[in-house]
Amino acid sequence: MDCETALIGAALGSAVGDSLGLPREGLSPSKARHLYGERIEHRFFFGRGVVSDDTEHTMLVLQSLALHGTQVDDFGRDLARRLRWWLVGLPPGIGFGTLRALTKSWLGFGPQSSGVRSAGNGPAMRSAVIGVFSAAKGIEPDALVEASTLITHRDQRALEGALAVAKCARLAVAAETVLPADGIAVLVDTCRHEAWAPMLELMAEMLSHSASTSDFACRVGLTNGVSGYIVHSVPVAVYAWLRHPEDAERAISEVISAGGDSDSTAAVTGALVGCRVGEDGLPLRWRSGIADWPVNVPSLRSAAQAALSGSRPPRTSLAHMLFRNLVTMPIVVAHAVGHWRFW
Ligand SMILES: [Mg+2]
């Protein structure tokens with residue numbers, strides 16, 4: 001697998017997972033099944049899907065890597081600036097930790113001090129592409145992941161979870177065969193905070209028994225869906241990937257079926273499978289089902305190519321994002337009302 005194919009696959013895998021999981025975000029597995037059915041397909045608007053913060057942050061990271069990927073400090077400053085303007089575009093569904101951190105960033109806190117003490121999964125959803133980029137450039141991903149993470153989160157668990165996703169992406173690119181034991185070894189090696197230990201021990205045991213991703217989530221107490229706590233969402237997302245490292249349809253469907261923060265978990269799972277199978281290994285109907293702008297399949301592909309070549313990436317201006325968010329706002333509200341009525 002060449003690095004360009006892997007990086008495009010990671011970006012598009014994230015978009016596919018995000019857009020498929022988004023309508024079910026926040027629902028328990030049973031409620032999501034009741035509202036949207038067993039089969040995972042695009043449901044947001046007339047059988048099409050849109051992306052959310054998970055893919056938009058992936059795009060921003062690719063843009064910053066294209067311009068400053070070899071200078072960590074410049075990368076951090078550029079990404080912080082992009083995230084600040086992304087906030088002004090009124091993104092729906094922004095995480096509370098990210099909102100507080102970007103507000104601090106607007107108030108003058110630097111990219112290494114604006115992050116809040118939150119262990120939300122925000123940094124994990126944008127770090128798979130850093131893993132592939134670092135593999136392509138022959139560098140370790142640690143400094144770039146830390147720069148990306150500290151802008152919004154400075155909890156040790158957030159840093160470790162984000163780095164684990166980047167290192168899993170490197171494994172996906174480099175390994176001849178992705179073995180569950182190798183993926184778990186990456187997590188054990190990276191996630192040192194004591195909070196991870198019960199999840200990782202159970203993960204090894206349940207993977208060895210070929211238990212489904214939903215069964216794993218239930219065994220760790222996430223019966224009402226996977227939370228946005230990074231210690232929950234990263235192991236579940238990685239679990240689904242290790243079950244089906246080269247089968248996007250099964251891996252993404254399984255992680256979404258576990259419920260909860262399904263756009264973010266599916267974005268991470270999709271990115272990891274995408275590293276491995278590239279754009280062509282992602283189901284065509286899922287790629288063509290993404291109906292969004294300005295962050296979509298062509299712009300993500302161009303941004304990934306620009307990141308590797310160091311050329312100018314496609315633009316996603318504030319005016320574009322604001323227009324897009326205002327147009328999709330009624331659909332987001334209609335979904336929220338639909339979920340609320342169901343409750
Ligand atoms: Mg999201």
Worksheet item: Got a sec? Which helices (runs of 4 or more DSSP H) wholly within the stretch 17-121 have at least 3 residues that are under 21 Å from residue 297 (Cβ atoms)?
Response: 53-68
Item to complete: Determine whether residue 234 is closer than 19 Å to residue 207 by Cα, crowded, with 24+ Cβ neighbours inside 10 Å, aliphatic (A, V, I, L, M) and within 16 Å of the ligand (Cβ to nearest atom).
Response: yes
Worksheet item: If you go through the stretch 183-204 one residue at a time, do you hit one that is among the aliphatic types (A, V, I, L, M) and part of a loop (DSSP other than H, G, I, E, B)?
Response: no
Discussion item. If residue 328 satisfies all but one of (1) touching a His at 6+ places or on another chain (Cβ under 8 Å); (2) touching a residue at least 40 places away in the same chain (Cβ under 8 Å), what's the number of the condition it fails?
Written reply: (1)
Worksheet item: If you take the residues of the stretch 305-320 that are in a loop (DSSP other than H, G, I, E, B) and not basic (Lys, Arg), which of them is nearest to residue 68 (Cα to Cα)?
Response: 310
Worksheet item: With respect to the numbered conditions (1) in contact with a Leu (Cβ under 8 Å, 6 or more places away or on another chain); (2) within 16 Å of the ligand (Cβ to nearest atom); (3) among the aliphatic types (A, V, I, L, M), which one is the sole condition not fulfilled by residue 290?
Response: (1)
Worksheet item: Hey, among the residues in the stretch 250-286 that are of a type in the set (A, V, I, L, M), in a helix (DSSP H, G or I) and more than 15 Å from the ligand (Cβ to nearest atom), which one's surrounded by the fewest Cβ atoms within 10 Å (Cβ to Cβ)?
Response: 284
Worksheet item: Hey, among 76, 89, 95, which residue is surrounded by 15 or more Cβ atoms within 10 Å (Cβ to Cβ), away from the ligand (no atom under 12 Å from the Cβ) and under 26 Å from residue 131 (Cβ atoms)?
Response: 76
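Rule-based calculations on the coordinates, nothing more; no lab input. Here the structure is a predicted model, which means the values were calculated and not measured. Don't worry about glycine lacking a Cβ; one is built from the backbone with ideal geometry, like all the others, and counts go over all protein chains shown.
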